[in-house]
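The values are calculated or read from the model by the stated rules, or taken from the named source; none is laboratory data. Computed from a predicted model, the values in this text were never measured in an experiment. Neighbour counts run over all protein chains shown; Cβ positions are idealised from the backbone, glycine included. In case anyone asks, the SASA skips ligands and DNA or RNA and just uses the protein heavy atoms, side chains included. Shrake-Rupley method; radii C 1.70, N 1.55, O 1.52, S 1.80 Å.
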Amino acid sequence: MRTFITTIAAIVTLPLSAQLPSATVTGLDGKKVDAKTFSNDGKPIIINFWATWCAPCKRELNAIAEVYEEWQKTTGVKVIAISIDDTRSTARVAPYVSGQGWEYEVYLDPNGDLKRAMNVQNVPHTVLLDGNGKIVYQHNVYNPGDENELYAKVKKLVGK
Amino acid sequence: MTLTSRTALSILAVLSVLATSAQQDPPTGANDLQVHGNFNIDGQLYNPDEEIGAVPPPEDWGLNAWGNLIITKGAFEAGLRLESYTPPLLGYPAGEPYTGSGLGYRYARYSQDDLDITVGNFFEQFGSGLAFRSYEERYLGVDNAMDGVRVKFKPTTGVYLKGFIGEQRLGFNSGFTKGPGVVRGVDLELSLNELLDSLAVKGRNLVIGGSFVSKYQEDRDPLLELPENVGLWAARLNYLSPHWNLYAEYAHKINDPNSSNNNIYKDGEALMFNATYVSKGLGVSAGVHSYDNMVFRSNRAAGPFDLNINFLPPLAKQHTYNLPATLYPYATQPNNEVAGQAEVFYKWKKGTALGGKYGTKLAVNGSVAYALDTLRIVDDTVTYDGYTSSLFGTGDRMYFSDFNVELRKKVSSTWEFALTYLNLGFDIETVQGKPGKPLIYADMVILEGMHKLSDANSLRFELQHLSTKQDHGNWATALVEFTFSPHWSLTVMDQYNYGGAVETDEIHYPLGSVAYTRGASRIQVNYGRQRAGIFCVGGVCRAVPAANGLTVSIASTF
């Protein structure tokens, strides 16, 4: 028990930083990429966990798609969409993305490796990284309008 | 090795040493000590409700809870999960029971450059899973985590080698329990575009892969001479270009008499093909597969949800609306199935005749699954093969068919509608194991509307109707949801069952729900009736019994 308390005490008093963990995801071009190498030239990144069977996820990514061009122009932010579809539906991901006209960088995480490494429980789950790759904000669930709150945080990061 | 709190404490001891040493280091970006995790609590208070057949457990409540903690420092990572089921929610999990509180998962991992070693629990998948998939769906209670050693090695660019050995998680009894078998496997994948510069064509790639997985289980059968080691090999090929993605995988299992195949000695086979085509605004996907005698478990006598070594994905769209998603979802028949699916997504651009001011989206999907054409061997005293068959030989029995069309249109800056039609054929006798029930044919129409009241406030409604002359008759669902971004949502739903054979089948299932979200934390309270149904996440499902009562869910990621 003492060890446990020491550990908890040590953890609580630490200046913690959270960055992207090491976990392999596969691009729609078949290339394997380690999530810890995600970058956007020093500008913020939004990582969004979604699935083709998740209705609120699709609502969120469609809502962002409508304003994505403006977000990029103003802040340089990049959206990375991580599909947690397993092999039942991984083949549906690329056609779905294309049929929606999404311009996001999309990766497949069919066995939940990155999802687990980032402690994501259910989708949609959104993570915002600053220009140094540090996690500054996370959000679970999607209610229409949540994208405005997310964008306000992105703008704050780039000082706009 | 038995799991005790001592194991947990020794892990914590290692972590605490790390934590203390890290305190003395100045923060240096990625080498900082990082601690993160999550927790989830689902509690339910049950009321008896004779009308819907809801019977509370003796305790009158159920509680599922778990918390994960991951600590990383540079190349080192360690994690654990504590779980508690006191008692578990009704119908949870799908397979072997979970009970009590304790350690459900723990591991230590070292990953640097091209080498990645994990000791303890891990999840892993080879190819599309035909040979091996260890995974979790916590909300369903599916977890066949390995406990052993895994090594991943990348000798050069474009070459990926993986190997593992271990036992599988079975259930939970104040700590995770394991099956009696041992599983080991290797997988090699070559990404030719990355490996051979001479082959490199921009935007194209050819990926080839192969796996071998074997299980060991002692033979204690007094009568049968059972193979103690059973091997399965698989090979896969994937061609990718900017527009095309073609995938094929074949798996072959040597004789594996087990409880699911009546202890026959026939080899198992699986073959799948998939092709997708994409261009701007258009996506097409088509696939077929055939599974013959492919159940592969680390205990020959295990039940359908337990100790699965491989994963045989179903070829059927996973629906998102409540009625099609929970009444008749399809589940793979791993020993005997031929299936196909095709799907088209299309977007009419803004400003075109059909696109209108905001664009129009169409999705058309069709899938069908049949039994394999098999011929029973009459005198089976020589080979004990049970039957003869050929891959893609289609039998007479249809398990499932689904045709659906969805049209989605934003009609103004504040209104959006989606209209869906589905036609379903469902062999409930085979898929849900209900003998003597006829094949179900059902038609469904669903209208969804979304209205923006302001930048932060929205209203959404769903009207769903299912009609069938078989099973329990018709269902109508009405749902209204108010959302107040970024924190609150309020949902009221009623499902009405009518038109069945018995008049007493006319039942309402009202349910109210309030949810509060802040960042990555969420608390949700539901009250009302919950229809008996099939609850699915990803590709797997569990049956949820009818219930009446109060549900509280709390989840957080930190």
### Task
Please state which of the following conditions B:SER454 fails to meet, knowing it meets all the rest: (1) within 30 Å of A:ASN119 (Cβ to Cβ); (2) within 9 Å of chain A (Cβ to nearest Cβ).
(1)
### Query
Is region B:289-312 home to any residue that is facing chain A (nearest Cβ under 10 Å), buried (at least 24 other Cβ atoms within 10 Å of the Cβ) and in a loop (DSSP other than H, G, I, E, B)?
yes
#### Entry: Matching option when the condition is within 12 Å of chain A (Cβ to nearest Cβ) and under 30 Å from B:ALA543 (Cβ atoms), among B:ALA145, B:ALA94, B:ALA75
B:ALA145
### Message
It is to be established whether one or more residues within region B:114-125 are surrounded by fewer than 22 Cβ atoms within 10 Å (Cβ to Cβ) and at pLDDT below 95.
### Response
yes
#### Entry: Unmet requirement for B:VAL182, which otherwise passes all of (1) of a type in the set (Val, Ile, Thr); (2) at pLDDT 95 or above; (3) more than 25 Å from B:TRP233 (Cβ to Cβ)
(3)
### Summary
When every residue in region A:117-141 that is out of contact with any Pro (no Cβ under 9 Å at 6 or more places or on another chain) and without any contact (Cβ under 8 Å) to a residue 40 or more places away in the chain is compared, the one farthest from B:ASN40 (Cα to Cα) is A:TYR137
### Query
Which one is surrounded by the most Cβ atoms within 10 Å (Cβ to Cβ), of the residues in region A:83-117 that are touching a Leu at 6+ places or on another chain (Cβ under 6 Å) and more than 10 Å from chain B (Cβ to nearest Cβ)?
A:SER83
### Query
In region B:137-175, what count of residues is obtained for those that are over 17 Å from B:LEU190 (Cα atoms) and open to solvent by less than 30 Å² (accessible area, probe 1.4 Å)?
19
### Task
Answer yes if at least one residue in region B:38-58 is in contact (Cβ under 8 Å) with a residue 60 or more places away in the chain, at the interface with chain A (Cβ under 8 Å from one of its Cβ atoms), closer than 30 Å to B:ARG109 by Cβ and surrounded by 16 or more Cβ atoms within 10 Å (Cβ to Cβ), and no otherwise.
yes
#### Entry: Of residues in region A:144-160 being over 15 Å from the mean Cα position of the chain (by Cα) and in contact (Cβ under 8 Å) with a residue 40 or more places away in the chain, the one most open to solvent (accessible area, probe 1.4 Å)
A:LYS160
### Message
Taking the criterion of being open to solvent by less than 70 Å² (accessible area, probe 1.4 Å) and within 14 Å of chain A (Cβ to nearest Cβ), would at least one residue in region B:370-386 satisfy it?
### Response
no
### Query
Any residue in region B:457-474 that is hydroxyl-bearing (Ser, Thr, Tyr) and in a loop (DSSP other than H, G, I, E, B)?
no
### Task
Please determine, by comparing only the residues of region B:176-198 that are over 30 Å from the mean Cα position of the chain (by Cα) and over 21 Å from B:ALA248 (Cα atoms), which one is least open to solvent (accessible area, probe 1.4 Å).
B:LEU196
### Query
Which of (1) more than 10 Å from chain B (Cβ to nearest Cβ); (2) more than 21 Å from B:VAL278 (Cα to Cα) does A:LYS36 not meet, given it meets every other one?
(1)
### Task
Please indicate, with yes or no, whether at least one residue in region B:320-335 is within 14 Å of chain A (Cβ to nearest Cβ) and assigned to a strand (DSSP E or B).
no
### Task
Could you check, for region B:267-274, whether at least one of its residues is at the interface with another protein chain (Cβ under 10 Å from one of its Cβ atoms) and over 24 Å from B:VAL213 (Cα atoms)?
no
### Query
Tally time: how many residues in region B:251-281 are at negative phi, surrounded by fewer than 17 Cβ atoms within 10 Å (Cβ to Cβ) and touching a residue at least 40 places away in the same chain (Cβ under 8 Å)?
1
### Query
Taking B:ALA108, is it open to solvent by 30 Å² or more (accessible area, probe 1.4 Å), out of contact with any His (no Cβ under 9 Å at 6 or more places or on another chain) and in contact (Cβ under 8 Å) with a residue 60 or more places away in the chain?
yes
### Task
Run B:LYS361 past the list (1) without any contact (Cβ under 8 Å) to a residue 60 or more places away in the chain; (2) under 25 Å from B:TYR421 (Cα atoms); (3) within 26 Å of the chain's Cα centre (by Cα) and report the number of the one that doesn't hold.
(3)
### Query
Looking at A:ALA51, is it open to solvent by less than 10 Å² (accessible area, probe 1.4 Å), touching a helix residue (DSSP H, G or I) at 6+ places or on another chain (Cβ under 8 Å) and within 9 Å of another protein chain (Cβ to nearest Cβ)?
yes
